[in-house]
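*Asks:* Here's a structure for you.
The values are calculated or read from the model by the stated rules, or taken from the named source; none is laboratory data. All figures in this text were calculated on a predicted structure; none of them were measured in a lab. Methodologically, a virtual Cβ is constructed for each residue, glycine included, from the backbone with ideal geometry; neighbour enumeration extends over all protein chains shown.
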Amino acid sequence: MKLKRIFVAMLLCTSLYTATAVVADTRPELTPVPSELVMQQGEFEWKDNTSLWIDAPQADKQILADYLHASGLKLKEVKKEAKKQQVVLKIVQTVDGITSPEGYQMTITPQKIEIKALSGAGLFYGIQSLLQLKGQYGTQIPALCIKDEPRFPYRGMMLDVSRHFFDKEFVKKQMDILSYYKINRLHLHLTDAAGWRIEIKKYPRLTQFAAWRPQAVWKDWWNGDRKYCEENDPQAKGGYYTQDDIRELVSYAQQHYITLIPEIEMPAHSEEVLTAYPELSCTHEPYKQADFCIGNEKTFEFLENVLLEVMDLFPSKYIHVGGDEAGKASWKTCPLCQARMKEEGLKDVNELQSYLIHRMERFLNSHGRNLLGWDEILDGGLAPNATVMSWRGTEGGLKAVEAGHHAIMSPGEYCYLDGYQDAPYSQPEAIGGYLPLQKVYSYNPVPDTLSADKVQLISGVQGNLWTEYIPTPEHVEYMIYPRMMAIAEVAWSAQDNRSWDDFHGRALKIVEELKQKGYHPFDLSKEIGNRKEAQQPIEHLGLGKKVTYNAPYWENYPANGDKTLTDGLRGGWNYNDKLWQGFVTKNRVDVVIDLEKVTDIHSIAADFMQICGPEVFMPAQVIISVSEDGENYTQLADLKHEVVRDDAVTFKNFGWTGSAKARYVRYQALASDKFGGVLFTDEIVIK
């Protein structure tokens, strides 16, 4: 982003964002970066007698006045506009160049600060920019003019409160900082196998029993017997939000112009429900099922009754129904499900799930709400008015958009904040993955290939924090910040206005500010970075040589295809960087590299990784052989390795050193009989 300082006498904003002035100590540093900013001459001096005048409907006026008072700014609200020494907030019919109701124009002169917007939300976001300027400059705020509006209307974060429960005060604390960076949606994952977290008066067993377990830490529960317990059990760990808690959270969100979106999982991830109310499962037995029985009318009676209470509490237009990762196994043999399929003319269990999604959408639409679900709701046919939240890459969202549906982009590769944000050995436990701040920031939710008429169907972006391995409030904040600030800028700022170098400098300061405010962010200043092997290509004898696969690589993780193992590129801290190639066949890795001529060889080696959570394991055996003619092979090494399950992210090199002559190199890696899983390797290095 080209940075320069513009001095103009006029008060209107007429330039594209050039906010970072040449003079470093006067450079405005706003996050997310605004659409347009013009520096002007002079400065506004904040004094003890600086007053506040708000011209807005009473509801917005009260929210904004209360918010400014709580912010600590010394502003005395008055009943009329003054000529100087005043902060003015106005809702107006039009603002030149602003089309979004969340946009705003801020004009700062030596006499006053004026923020205009089309709605209370626009004024609120203008206030956030003012607070950031006040924090940067103190009592001497430079004269400037900002025109700003969001790229997307939906700018969200999902917090999983099922795997580990976090109380209402913690949720409020996060809304404080999320709204400060212009995030306007907080999606609460309220139900899952690990615990039901919202009071439903019609079904008291959901919170008397399904919200509690003997183990406080999800991992201990998951690796144990996965039982629930009564609320009054001395060992009971967990919790839930009462309906009064939810009302309090909704009110607090409204005061921060945030919409709370509830998620009630269906048809899968429902072990807790189906143990509390086993008659809703295909077997009618507790601890046996994860998927609702779709053939059973009682299932729909239950879901509709739950959603009625949920809708009574949450004013959100969207109601999230999950829809992901249904096993569907019992549906194939369940008499009720099979009868439903026959009656409705459904050809397979995917269409049976689609039947549930369609039916729940009709119910929600009849109550003025819209259905939102993970991209598996596409399976079997998408409900007419549904919005897709795309997590398995971007494909689901783009498929929905091409079909004329709205989509919210939340691909795991860029938006799953439960992965490591730095070298795994330096970090608290995570589910795996490697998602540094720069990777998050690099995401562009709108591909260049998308036609202009479809772009508007991408409603926004969401960061997700699943908490299987995140049991404490401090750990949650560590995983969220500063990565959510990157998502905030991706979602708000125009693509052409964003610069990684500029953002990184701001993020370093944001981390320090968060610490001062009592948050627990990742210390970006101590970032180690990617695995050293991945930081530059490697030269070796096999570079660019042909690889023959006697056993195929996994189509889900092809990396660079047939070129992967000799392209000179090494993998980073996780296989999600598309440099590691995956193998799941019985023989796992079995490849031959043709060096094109007989060559003196002194070492042959390859790296493997182990991350047990997603079933990625080291090989149990590696066999390395060579041949001069491609027919007769001499075995150079037979390496045995004891594979054990652990919680670490580890890397190991399996190789041979010595002296040999060969044209062909065969490298085999076999999985253990005990664990199986996926093998990942990145390069077979021959020297």
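*Asks:* Where the second residue is polar (S, T, N, Q) and the first is within 18 Å of Glu263 (Cβ to Cβ) and lies in region 229-252, which pairs have Cβ atoms under 7 Å and are six or more apart or on separate chains?
*Replies:* Note: pairs meeting the criteria are Tyr240/Thr207.
*Asks:* Still on this structure: How many residues, within region 91-123, are surrounded by 17 or more Cβ atoms within 10 Å (Cβ to Cβ) and outside any strand (DSSP E or B)?
*Replies:* 12
*Asks:* Filtering region 304-324 down to residues that are among the charged types (D, E, K, R) and surrounded by fewer than 14 Cβ atoms within 10 Å (Cβ to Cβ), which residue is farthest from the chain's Cα centre (by Cα)?
*Replies:* Asp312
*Asks:* Any residue in region 288-309 that is at negative phi and without any contact (Cβ under 8 Å) to a residue 60 or more places away in the chain sitting within a Cβ distance under 7 Å of a residue that is among the charged types (D, E, K, R) and part of a loop (DSSP other than H, G, I, E, B)? List the pairs, counting only those 6 or more apart or interchain.
*Replies:* Final answer for the pair search is Asp291/Lys328.
*Asks:* Right, here's the next one. Restricting region 416-431 to residues that are of a type in the set (A, V, I, L, M, F, W, C) and surrounded by 20 or more Cβ atoms within 10 Å (Cβ to Cβ), which is nearest to Met485 (Cα to Cα)?
*Replies:* Among residues in region 416-431 that are of a type in the set (A, V, I, L, M, F, W, C) and surrounded by 20 or more Cβ atoms within 10 Å (Cβ to Cβ), the one nearest to Met485 (Cα to Cα) is Leu417.
This table checks each residue for (1) within 23 Å of Gln610 (Cα to Cα); (2) among the small types (Gly, Ala, Ser); (3) within 34 Å of the chain's Cα centre (by Cα).
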{"position": "Glu628", "(1), (2), (3)": "no, no, no"}
{"position": "Phe654", "(1), (2), (3)": "yes, no, no"}
{"position": "Thr657", "(1), (2), (3)": "no, no, no"}
{"position": "Ala660", "(1), (2), (3)": "no, yes, no"}
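*Asks:* Going through Ala386, Ala339, Ala329 one at a time, which residue ends up being at pLDDT below 95, in the same structural domain as Pro447 (by TED's automatic domain parsing) and surrounded by fewer than 20 Cβ atoms within 10 Å (Cβ to Cβ)?
*Replies:* Ala329
*Asks:* Return the pair list, or none, for Cβ contacts closer than 7 Å from residues in region 564-582 that are at positive phi to residues that are part of a loop (DSSP other than H, G, I, E, B), at least 6 apart or on different chains.
*Replies:* The qualifying pairs are Gly568/Pro537; Gly568/Ile538; Gly568/Glu539; Gly568/Leu543; Lys578/Ala559.
*Asks:* Still on this structure, I have one more. At pLDDT 95 or above and touching a Phe, Trp or Tyr at 6+ places or on another chain (Cβ under 6 Å): is that true of Ala637 in this structure?
*Replies:* Yes.
*Asks:* Continuing with this model, one more query. Looking at region 114-130, I want the residues that are of a type in the set (S, T, N, Q) and have a partner that is at pLDDT 95 or above and assigned to a helix (DSSP H, G or I) with Cβ atoms under 7 Å, at least 6 apart or on another chain. Which pairs are those?
*Replies:* From region 114-130, the pairs are Gln128/Tyr180.
*Asks:* Going through region 159-174 one residue at a time, which ones are surrounded by fewer than 20 Cβ atoms within 10 Å (Cβ to Cβ) and within 19 Å of Leu514 (Cα to Cα)?
*Replies:* Within region 159-174, Glu169, Phe170, Lys172, Lys173 qualify.
*Asks:* Among Gly397, Gly381, which is part of a loop (DSSP other than H, G, I, E, B) and in contact (Cβ under 8 Å) with a residue 24 or more places away in the chain?
*Replies:* Result: Gly381 is the single residue among Gly397, Gly381 that is part of a loop (DSSP other than H, G, I, E, B) and in contact (Cβ under 8 Å) with a residue 24 or more places away in the chain.
*Asks:* Tell me, yes or no, whether region 176-190 has at least one residue that is among the basic types (Lys, Arg) and more than 30 Å from Ala430 (Cα to Cα).
*Replies:* no
*Asks:* Output yes when any residue across region 364-374 is in the same structural domain as Ala326 (by TED's automatic domain parsing), assigned to a helix (DSSP H, G or I) and touching an Asp or Glu at 6+ places or on another chain (Cβ under 8 Å), and no when none is.
*Replies:* no
*Asks:* If I filter region 202-212 for residues that are closer than 25 Å to Met484 by Cα, in the same structural domain as Glu301 (by TED's automatic domain parsing) and either free of Cβ contacts under 8 Å to residues at least 12 places away in the same chain or out of contact with any Pro (no Cβ under 9 Å at 6 or more places or on another chain) (or both), do I get at least one hit?
*Replies:* For region 202-212, residues closer than 25 Å to Met484 by Cα, in the same structural domain as Glu301 (by TED's automatic domain parsing) and either free of Cβ contacts under 8 Å to residues at least 12 places away in the same chain or out of contact with any Pro (no Cβ under 9 Å at 6 or more places or on another chain) (or both): absent.
*Asks:* Suppose we keep only residues that are in a strand (DSSP E or B) and out of contact with any Phe, Trp or Tyr (no Cβ under 9 Å at 6 or more places or on another chain) within region 260-276. Which one would you say is nearest to Gln353 (Cα to Cα)?
*Replies:* So the residue we want is Glu265.
*Asks:* Looking only at region 533-575, count how many residues are surrounded by 20 or more Cβ atoms within 10 Å (Cβ to Cβ) and in a helix (DSSP H, G or I).
*Replies:* Matching residues across region 533-575 total 4.
*Asks:* Please list, ordered by first then second residue, the pairs with beta carbon atoms under 7 Å, 6 or more apart or interchain, first in region 29-50 and at positive phi, second among the small types (Gly, Ala, Ser).
*Replies:* Matching pairs, first to second residue: Gly42/Ala143.
*Asks:* For region 209-228, which positions are at negative phi, surrounded by fewer than 17 Cβ atoms within 10 Å (Cβ to Cβ) and not aliphatic (A, V, I, L, M)?
*Replies:* Within region 209-228, Lys219, Asp220, Trp222, Asn223, Gly224, Asp225, Lys227 meet the criteria.
*Asks:* When the residues of region 56-70 are filtered to those that are surrounded by 16 or more Cβ atoms within 10 Å (Cβ to Cβ) and among the small types (Gly, Ala, Ser), which remaining residue is farthest from His256 (Cα to Cα)?
*Replies:* Checked region 56-70; the qualifying residue farthest from His256 (Cα to Cα) is Ala56.
*Asks:* Please give the number of the condition Val440 fails out of (1) touching a residue at least 60 places away in the same chain (Cβ under 8 Å); (2) assigned to a helix (DSSP H, G or I); (3) within 21 Å of Ala491 (Cβ to Cβ).
*Replies:* The single condition Val440 does not satisfy is (1).
Okay, residues lined up against (1) within 14 Å of Leu417 (Cα to Cα); (2) surrounded by 20 or more Cβ atoms within 10 Å (Cβ to Cβ); (3) among the acidic types (Asp, Glu):
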| residue | (1), (2), (3) |
| --- | --- |
| Gly463 | yes, yes, no |
| Ile470 | yes, yes, no |
| His475 | yes, no, no |
| Arg498 | no, yes, no |
| Phe503 | no, yes, no |
| Glu513 | no, no, yes |
| Gly518 | no, no, no |
| Pro521 | yes, yes, no |
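*Asks:* Now for a separate question. Can you tell me which residue is nearest to Cys337 (Cα to Cα) among those in region 255-303 that are of a type in the set (D, E, K, R) and crowded, with 24+ Cβ neighbours inside 10 Å?
*Replies:* Across region 255-303, the extreme among qualifying residues is Asp291.
*Asks:* Let me ask something additional. Of all helices (runs of 4 or more DSSP H) completely enclosed by region 447-517, which ones contain at least 3 residues that are touching a residue at least 24 places away in the same chain (Cβ under 8 Å) and among the charged types (D, E, K, R)?
*Replies:* Of the helices (runs of 4 or more DSSP H) lying wholly inside region 447-517, those with at least 3 residues that are touching a residue at least 24 places away in the same chain (Cβ under 8 Å) and among the charged types (D, E, K, R) span 500-516.
*Asks:* Then there's this: When you scan region 277-288, do you find a residue that is in contact with a Ser or Thr (Cβ under 7 Å, 6 or more places away or on another chain), in a helix (DSSP H, G or I) and either modelled with pLDDT of 95 or more or more than 30 Å from Gly126 (Cα to Cα) (or both), even just one?
*Replies:* yes
*Asks:* On to the next question. Run down Gly156, Gly126 and say which single residue is buried (at least 21 other Cβ atoms within 10 Å of the Cβ) and part of a helix (DSSP H, G or I).
*Replies:* Within the list Gly156, Gly126, the selection yields Gly126.
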